[in-house]
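Reading through the structure tokens given below for one structure.
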Amino acid sequence: MADRNRVLILTAAFILFLGGAAVYPSAGQTADRVSGVWGIVGGVDGNVISVEGKTYDLEGVPVRSADGSGQVEVSSLRGKTVEIVFRNRKIDAVTVYRTLPQ
């Protein structure tokens, strides 16, 4: 009878442990915070661009064309429409789109 109670208590403790792990995932399992900014590039200074009055440093960030033609130089972005994607508050990627007349 004592062995049966011990097995029952260990099983209950194990189930509670698994339930706690499901409710509180570790930091590596939490979702990334993704956000973005759209706008027309107003100015370019080296690797820094300004969009909607805010500046963004694009050093080390892939800048790609939306049509799939490859990498785009930061120096050629003035007047073009860009989407800046942030992952956990760091710039993850920049996509350059064709700017339509306004």
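Of all residues in region 90-102, which are loosely packed, with under 10 Cβ neighbours inside 10 Å and either in contact with a helix residue (DSSP H, G or I) (Cβ under 6 Å, 6 or more places away or on another chain) or not in a strand (DSSP E or B) (or both)?
Once the filter is applied, which keeps residues that are loosely packed, with under 10 Cβ neighbours inside 10 Å and either in contact with a helix residue (DSSP H, G or I) (Cβ under 6 Å, 6 or more places away or on another chain) or not in a strand (DSSP E or B) (or both), region 90-102 yields Arg98, Leu100, Pro101, Gln102.
Exactly one of (1) at pLDDT below 90; (2) over 20 Å from Leu100 (Cα atoms); (3) over 18 Å from the mean Cα position of the chain (by Cα) is unmet by Thr30. Its number?
With (1) at pLDDT below 90; (2) over 20 Å from Leu100 (Cα atoms); (3) over 18 Å from the mean Cα position of the chain (by Cα) applied to Thr30, the lone miss is (3).
Determine whether Thr55 is β-branched (Val, Ile, Thr) and touching a residue at least 40 places away in the same chain (Cβ under 8 Å).
no
Kindly establish whether Arg87 is of a type in the set (Lys, Arg), exposed (fewer than 14 other Cβ atoms within 10 Å of the Cβ) and at pLDDT below 90.
no
With respect to Gly20, determine if the residue is farther than 15 Å from Leu77 by Cα, at pLDDT 90 or above and either touching a Phe, Trp or Tyr at 6+ places or on another chain (Cβ under 7 Å) or not in a strand (DSSP E or B) (or both).
It is false that Gly20 is farther than 15 Å from Leu77 by Cα, at pLDDT 90 or above and either touching a Phe, Trp or Tyr at 6+ places or on another chain (Cβ under 7 Å) or not in a strand (DSSP E or B) (or both).
Under 8 Å by Cβ, and 6 or more places apart or on different chains, what pairs join a residue from region 82-99 that is at positive phi with one that is modelled with pLDDT under 90 and of a type outside the set (Gly, Ala, Ser)?
Within 8 Å, the pairs are Asn88/Asp32; Asn88/Arg33; Arg89/Arg33.
Mind telling me which of the residues Val82, Val61, Val37 ends up being at pLDDT 90 or above, within 19 Å of the chain's Cα centre (by Cα) and not in a strand (DSSP E or B)?
From the options Val82, Val61, Val37, the qualifying one is Val61.
Looking only at region 47-76, count how many residues are closer than 16 Å to Gly36 by Cβ and surrounded by 13 or more Cβ atoms within 10 Å (Cβ to Cβ).
Number of matching residues: 8.
The values are calculated or read from the model by the stated rules, or taken from the named source; none is laboratory data. The shown structure was predicted, so the numbers you read here are calculated from the model rather than taken from an experiment. Methodologically, a virtual Cβ is constructed for each residue, glycine included, from the backbone with ideal geometry; neighbour enumeration extends over all protein chains shown.
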